Amino acid sequence: MIFKNFLNIKNNKVIKKDFLNLLKHQPQVFETLKTTYKYSYSKKAISKYKKFSNIRVIGMGGSILGTEAIYDFLKKKIKKKITFVNNLNSNADYFQDKNINLNLIISKSGNTLETIANVNTLIKSKESNIVITEKKDSYLTNLASKLKAEIFEHKNYVGGRYSVLSEVGMLPAELMNLNESKFKQFNILIKNKAFVNNLVNNVAATLNLIKNGKYTSIILNYDEQSENLFKWYQQLIAESLGKKSKGILPIVSSMPKDNHSLMQLYLDGPKKSFYTFFNVLDNKEIKINDSNILSSHRYLRNQSIEKIKQSQMLATEKVFKSEKIPFRSFRVLKRDEQSLGELFCFFILETILLGRALNVNPFDQPSVELIKKETKKILT
């Protein structure tokens, strides 16, 4: 991964000290980032489920976003059909799918309203079922017993948005025949000087931007297969930091498509945002048909779709730099489990360090509970 940081990075000694302190007194959730993490399932226990080729994953928020990110980012390596049920949508095509072999149902609490509604609408008696939930009495544990479903524990110290490298993301990754151990890059990365420096400098720069009134983080995503990665990132940042009238608003922008809709605002609108350029270089080369190129556009001859996209990204970075618009840039060199694991690790560490610096608890989400309580009142 090639990384460019924000411009004018200064005063990162405090963040570096806090990072070292974080490594010394690691939160328990860090165990999920390591190859030594003990899953609540065994390889033997899930081996019988690897034969299924048409799998439906049912969950909400952090219970499903990480798995969606993995599936889309690595789709070319996956030979199975995975259907994601991640909202309440009466018009969704998945209500017509009669060929599901296996349901994977995920909810930390076991009482997530949307997940319960979807489960009781979708699953059929002929299908096999796996439930990942906390080891306690809940709707899903009781339903799993009724369905004779396999139950694996969702560790209570692993919050949903930090769960992608726990059984929540790695069990489905194994069902996709991916190598779960390659996602676990934590022990390697914290010894990598370049990675640590980029992480620390990035956090210091972000805090400086927030101090100067820039609260909107816009991701300029040049890789369509990473859309769900940044939906995962969106939840991670918004839910972890949005407290005490503080936080960052993450917005995902699809590039280069948004050059023709939002870029005018980004360049010449209110200067209240900072930006992340993101692209993956390991993509298929589709060449332009030279025989149809007119002489006025001869510079497109021998070019590929990817080369044009890369050129647009470089051009946009150049303009942002000349306009002194703050940005950072990620270029992923290879689309595999290892590079995705690095990204997961970077963003998780970034979020926790930002939370500590902003003096907010990055692991809770107290305000969301208010809506859950009000919804239950209305339904009863």
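The values are calculated or read from the model by the stated rules, or taken from the named source; none is laboratory data. Given the structure is predicted, the values throughout are model-derived calculations rather than measurements. Cβ: placed from backbone, ideal geometry, glycine included. Neighbour counts: every protein chain shown.
Of all residues in segment 272-282, one or more are of a type outside the set (A, V, I, L, M, F, W, C), modelled with pLDDT under 95 and under 30 Å from Ala173 (Cβ atoms). As a summary of the residue check, Asn11 satisfies the conditions (1) modelled with pLDDT of 95 or more; (2) touching a helix residue (DSSP H, G or I) at 6+ places or on another chain (Cβ under 8 Å); (3) not in a strand (DSSP E or B) except for the one numbered (1). Within this structure, Ile46 fails the test of being within 19 Å of Glu127 (Cβ to Cβ), of a type outside the set (D, E, K, R), buried (at least 19 other Cβ atoms within 10 Å of the Cβ) and not assigned by TED's automatic domain parsing to the domain that holds Ile237. Looking at the structure I just gave you, is Lys76 farther than 15 Å from Ser163 by Cα, outside any loop (DSSP other than H, G, I, E, B) and out of contact with any strand residue (DSSP E or B) (no Cβ under 9 Å at 6 or more places or on another chain)? Criteria met by Lys76. Scanning segment 229-249 for residues that are among the polar types (S, T, N, Q) and over 13 Å from the mean Cα position of the chain (by Cα) yields Ser240, Ser245. Output the qualifying pairs, or none if there are none: Cβ atoms under 6 angstrom, residues six or more apart or on different chains, first residue in segment 134-146 and assigned by TED's automatic domain parsing to the domain that holds Gly159 and at negative phi, second residue outside any loop (DSSP other than H, G, I, E, B) and among the aromatic types (Phe, Trp, Tyr). As it stands, the answer is none, since no pair meets every condition given.
Select from segment 199-223 the residues that are of a type in the set (S, T, N, Q), surrounded by fewer than 20 Cβ atoms within 10 Å (Cβ to Cβ) and either in contact with a strand residue (DSSP E or B) (Cβ under 8 Å, 6 or more places away or on another chain) or touching a residue at least 24 places away in the same chain (Cβ under 8 Å) (or both) and list them in ascending order. Selection gives Asn201, Asn208, Thr216. Quick check, is Thr35 touching a Lys or Arg at 6+ places or on another chain (Cβ under 7 Å) and over 30 Å from Asn361 (Cβ atoms)? No.
The single condition among (1) surrounded by fewer than 19 Cβ atoms within 10 Å (Cβ to Cβ); (2) closer than 20 Å to Leu102 by Cα; (3) not acidic (Asp, Glu) that Ile132 does not meet is (1). Considering only segment 104-133, state which residues are in a loop (DSSP other than H, G, I, E, B) and either without any contact (Cβ under 8 Å) to a residue 24 or more places away in the chain or not assigned by TED's automatic domain parsing to the domain that holds Lys48 (or both). The answer is Ser125, Lys126. Phe19 satisfies every condition listed in (1) outside any strand (DSSP E or B); (2) over 24 Å from Asp137 (Cβ atoms); (3) assigned by TED's automatic domain parsing to the domain that holds Leu165 except (3). In segment 249-270, the residues that are assigned by TED's automatic domain parsing to the domain that holds Leu354 and at negative phi form Cβ pairs under 8 Å with partners that are in a strand (DSSP E or B) and aromatic (Phe, Trp, Tyr), at six or more places apart or across chains, as follows: Tyr266/Tyr275.
Residue pairs whose Cβ atoms lie under 8 Å apart, separated by 6 or more positions or on different chains, with the first residue in segment 321-340 and closer than 22 Å to Val203 by Cα and in the same structural domain as Ala204 (by TED's automatic domain parsing) and the second modelled with pLDDT under 95 and acidic (Asp, Glu), are Val332/Asp282.
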